[in-house]
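A quick write-up on the structure given underneath.
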Amino acid sequence: MKNSDIALKAIKDADVILIGAGAGLSSAAGLTYSGERFKKYFPEFIEKYHIEDMYSAGFYPYPTEEAEWAYWAKHIYHNSYEVGATSLYKKLFELVEDKDYFVITTNVDGQFIKAGFDKERYFEVQGNFEHFQCSVPCQQVVYNNKEHVLKMMDNIDDNLEIPSELIPTCPNCGAPLTRHLRVDNRFVQNETWYRQQKSYAAFLEGLEGKKVVLLELGVGYNTPTIIRYPFEQLTYHLPQAQLIRFNQSDTEGAKENTHKTLTITKDMEEVFASWL
């Protein structure tokens, strides 16, 4: 029996499913940060700044705030507001919607919620493209940015800058706003973040004695302490746990868990389609 067939049976037989999702899931869904998609949306930025992909472009030292926000307006728009729920995330939801599930993700594109996943069974650890936060920060508060991002998008000039008056500022203290993405210790953990963290902890406490499938989707070693290592620990300590790892490059896991781990390197879209 193939690993994918064994994995599907484990999912069907599971009492609970814990989904851990990394960047590889969104890449498999088509939200790639390099290649043709990057060239399609950022040709002028590539020509001017010689940037190579969306990830590194986010750290590029743009000459002005106006130029930096011109890039980020497009980045947020094309990776969040322009995109509805992708077919891969919809298939994943269809696979688990009738199960007792929880999602923990380092992705910031909001795809899970767009696809229909329950907001109360969801922990978005690293932030979300659709929010700004104070750069100080003066408060543990985030702000929806859709209207502002669309306005910036509409006003990018030939020099690839936005008007200075569109640089977002904190409504509370007047300091610059920034993206609500975890890049340093100024990341805002607001009430929603702590509520999600508490829900995740409660879910983990209820796993003992149950048939548990840990569905690890496209998780590498960029931030392994959030999903990768905890999933290995849970697999080791829970007697009825099964770790199902979808990954095409970082396939190796803890040797102690080899007998409880199924690794699938095939395209996620194809595998999920065959399961439904």
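The values are calculated or read from the model by the stated rules, or taken from the named source; none is laboratory data. All values derive from a computational prediction rather than experimental measurement. Note that each Cβ is placed from the backbone with ideal geometry, even for glycine, and that neighbours are counted across all protein chains shown.
Residue count for segment 238-266 under the criterion of being under 20 Å from N222 (Cβ atoms) and among the basic types (K, R): the result is 1.
Condition check ((1) under 11 Å from the mean Cα position of the chain (by Cα); (2) not in a loop (DSSP other than H, G, I, E, B); (3) not assigned by TED's automatic domain parsing to the domain that holds E65; (4) not charged (D, E, K, R)) across all residues:
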{"position": "I104", "(1), (2), (3), (4)": "yes, yes, yes, yes"}
{"position": "N107", "(1), (2), (3), (4)": "yes, no, yes, yes"}
{"position": "F112", "(1), (2), (3), (4)": "yes, yes, yes, yes"}
{"position": "G116", "(1), (2), (3), (4)": "no, no, yes, yes"}
{"position": "E120", "(1), (2), (3), (4)": "no, yes, yes, no"}
{"position": "Q133", "(1), (2), (3), (4)": "no, yes, no, yes"}
{"position": "V136", "(1), (2), (3), (4)": "no, no, no, yes"}
{"position": "Q139", "(1), (2), (3), (4)": "no, no, no, yes"}
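For segment 7-47, filtering for residues that are assigned by TED's automatic domain parsing to the domain that holds F117, surrounded by fewer than 14 Cβ atoms within 10 Å (Cβ to Cβ) and acidic (D, E) leaves 1. If the condition is being closer than 27 Å to G116 by Cβ, β-branched (V, I, T) and surrounded by fewer than 20 Cβ atoms within 10 Å (Cβ to Cβ), then segment 48-95 contributes only V83. Just one residue in the set E252, E256, E232, E269 is buried (at least 19 other Cβ atoms within 10 Å of the Cβ) and either outside the structural domain of G206 (by TED's automatic domain parsing) or of a type in the set (D, E) (or both); that residue is E232. In the set (1) closer than 21 Å to A28 by Cα; (2) surrounded by fewer than 21 Cβ atoms within 10 Å (Cβ to Cβ), the condition left unmet by N107 is number (2).
Are any of the residues in segment 144-152 in a loop (DSSP other than H, G, I, E, B), within 20 Å of F187 (Cβ to Cβ) and not assigned by TED's automatic domain parsing to the domain that holds T223?
Yes: one or more hits.
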